[in-house]
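What follows is a short report on a single structure.
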Amino acid sequence: MIDIGEGFWNIRGSYRIAGVLDVGTQASIVCLSSGNYLMLDACDFDDADFAGIDELTDGGERLEAIVNLHPFHTLHVAHAHSRYPKAALFGSRRHHRKLQDLPWQSLTSDDPAFHAQYAADLQFSVPAGVDFISDNERVHFSSVLVYHPASATIHSNDTFNYIPAKGLVRFTPLADTVSFHPTLGSALERRPGAGADFQAWAEALIGRWGEARNLCAAHSGVLLGEDNDGPSLRARMESALAKVVPKLKRHDQEQA
């Protein structure tokens, strides 16, 4: 559990592809101005993780809700709910469909009405121009992104990636970079203007959340402002967008 400060904690989990390559996953805990807490997503919590969450939330009594933000992140939802059954459970339509036995709230996690409930503490954004729930089970680009202004932290699953400079990765161009998930091209809606819509969404997001200093990314790592000796997070997100603009324009030309 990483204490980012100002009421935001990120928990790093493990997710292995083919049982070998660990690309990681995450959950976050947010303290609300009410004194209650939210859990953003769920991962493979161990006893130490649950102990830390229990300590923050009075054994789960002050855990108000578990909010599942990525339609394709479903593996650990039931486990988190079984540990904290009193917490309201939110998810996408795909969560509802895949885990029908769980007591889902009627509002989905991508619904603006749900976002309005927590607007005092959090900002939410759903990417435009891409399928939120792709028909292709391998395309996991889109998710609900969350910004916590008090800690200047963005919680992102798949949409933004951050590759820390560690291990063998530090010798590659991927080291210490923020990028969009590589399935962007497959996630774009098959219609004219989808690329332009995604670009406009990303530009607006960077503008609104430009003061963010920390990025918690699911399948990669955490970029902490206090450890960042490179470009600002805003500059990194702008660079990530600039790299995909040709792909976005090409998509729109092909769909015209």
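Quick rundown of the values:
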{"read-out": "Answer from I154, I133 - the residue that is under 25 Å from K247 (Cα atoms) and not in a loop (DSSP other than H, G, I, E, B)", "value": "I154"}
{"read-out": "Answer from D110, D41 - the residue that is among the acidic types (D, E), crowded, with 18+ Cβ neighbours inside 10 Å and on the phi > 0 side of the Ramachandran plot", "value": "D41"}
{"read-out": "Among (1) in a helix (DSSP H, G or I); (2) in contact with a strand residue (DSSP E or B) (Cβ under 6 Å, 6 or more places away or on another chain); (3) farther than 30 Å from L241 by Cβ - the single one A65 does not satisfy", "value": "(1)"}
{"read-out": "Residues of the stretch 164-212 classified as on the phi > 0 side of the Ramachandran plot and at pLDDT below 95, total", "value": "2"}
{"read-out": "Considering residues of the stretch 22-63 that are among the charged types (D, E, K, R) and touching a Ser or Thr at 6+ places or on another chain (Cβ under 8 Å) only, the residue farthest from F114 (Cα to Cα)", "value": "D22"}
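Yes/no per residue for (1) assigned to a helix (DSSP H, G or I); (2) touching a residue at least 60 places away in the same chain (Cβ under 8 Å); (3) surrounded by fewer than 19 Cβ atoms within 10 Å (Cβ to Cβ):
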{"site": "S220", "(1), (2), (3)": "no, yes, no"}
{"site": "D229", "(1), (2), (3)": "no, no, yes"}
{"site": "E238", "(1), (2), (3)": "yes, no, yes"}
{"site": "Q253", "(1), (2), (3)": "yes, no, yes"}
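The values are calculated or read from the model by the stated rules, or taken from the named source; none is laboratory data. All of these numbers come straight from a predicted model, not from anything done at the bench. When we count neighbours, we look across all protein chains shown, and the Cβ atoms used for this are built from the backbone with ideal geometry, even at glycine.
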